[in-house]
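Single-structure report; data block below.
The values are calculated or read from the model by the stated rules, or taken from the named source; none is laboratory data. Source: prediction; values computed, not measured. Neighbour counts run over all protein chains shown; Cβ positions are idealised from the backbone, glycine included.
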Amino acid sequence: MNIHDCNCCFGDAARPPFRYARTAEELIAEMDFCGIQRALAYHAGMRFDSPVVWNDRLVEEIRGFSPLGATWAILPSQTGEQRKPEEFLAAMRSAGVRALRAFPDEHRCRLDKRTFGDLLPLLVERRIPLLVKQNILSIGDLLKEIPGLVVVAMNVGPHSLERYLRPLMDEFPNLYVETSHYMVEGLIEESCVRYGPGRLLFGSGYPDVCSGAALLRLAQADIPPDARAAIAGGNLERMLEAARP
């Protein structure tokens, strides 16, 4: 498989996992060990510290490491920490960033229209995907307010959340699921039957979880080769090509 991981991280955190990559070079070594060709990465500082500092630091730290693409994390503009939306997107474009992340629990903010109403409509207009680490019901509330937003729900599982998830998948065709925690037997297959393979994006979840579980689950899924290729990387690459920061 040509694998493009949408959910992996490097960098020190205050409470690091048992095994993690401190640097971009160590992350690539982990990817090589697992057979992952490319990754859309973030830095632990973006999640557990301040994106204001670590968004730009990430771009610098992966410079020269061609397998890695950068994502930035967003904050509310009301506190004056993050640049105003147009300026933020201009900087994003200059840095070659084509996708954003949101960690509302870690950053102690609400991911909603009241808080991000100046930024989210621009993401809709420019087809910029937002990778969100939050419970699926909160993601549903966000999509009710901003229905055109392209959202990738991260870390969905490991137990089945289908009774929450499927009504949202039925209603919002621009809601995608990342697979690092999509572990229940048969869920990848069932999703491909119900929605087609275009709604799943491979993520390793590293270092929150070991990369091997998601890799094995995708490799052993009883789906056609073209569906496996789409989930492994094709869907993510199509999404990034459509983004217009």
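A few remarks follow.
- The range 138-179, residues that are touching a His at 6+ places or on another chain (Cβ under 6 Å) and either at positive phi or aromatic (Phe, Trp, Tyr) (or both): Asn155, Gly157
- Among the residues of the range 9-41, those that are over 20 Å from Glu237 (Cα atoms), of a type in the set (Asp, Glu) and at pLDDT 95 or above comprise Glu25, Glu26, Glu30.
- Long-range neighbours under 7 Å by Cβ, at least six apart or interchain, first residue within 14 Å of Glu178 (Cβ to Cβ) within the range 115-135, second at pLDDT below 95: Lys133/Asn155
- Helices (runs of 4 or more DSSP H) wholly inside the range 19-79 that include at least 2 residues being within 19 Å of Val209 (Cβ to Cβ): 24-34, 44-48
- Hits in the range 169-199 (condition: under 18 Å from the mean Cα position of the chain (by Cα), outside any loop (DSSP other than H, G, I, E, B) and either farther than 15 Å from Pro224 by Cα or not small (Gly, Ala, Ser) (or both)): Met169, Leu175, Tyr176, Val177, Glu178, Ile188, Pro197, Arg199
- Pairs are defined by a Cβ separation below 7 Å, a sequence spacing of at least 6 or placement on different chains, a first member in the range 83-101 that is loosely packed, with under 14 Cβ neighbours inside 10 Å, and a second member that is of a type in the set (Ser, Thr, Tyr) and in a loop (DSSP other than H, G, I, E, B); the pairs so defined are Lys84/Ser77.
- Asp118 being surrounded by fewer than 23 Cβ atoms within 10 Å (Cβ to Cβ), outside any loop (DSSP other than H, G, I, E, B) and more than 17 Å from the chain's Cα centre (by Cα): no
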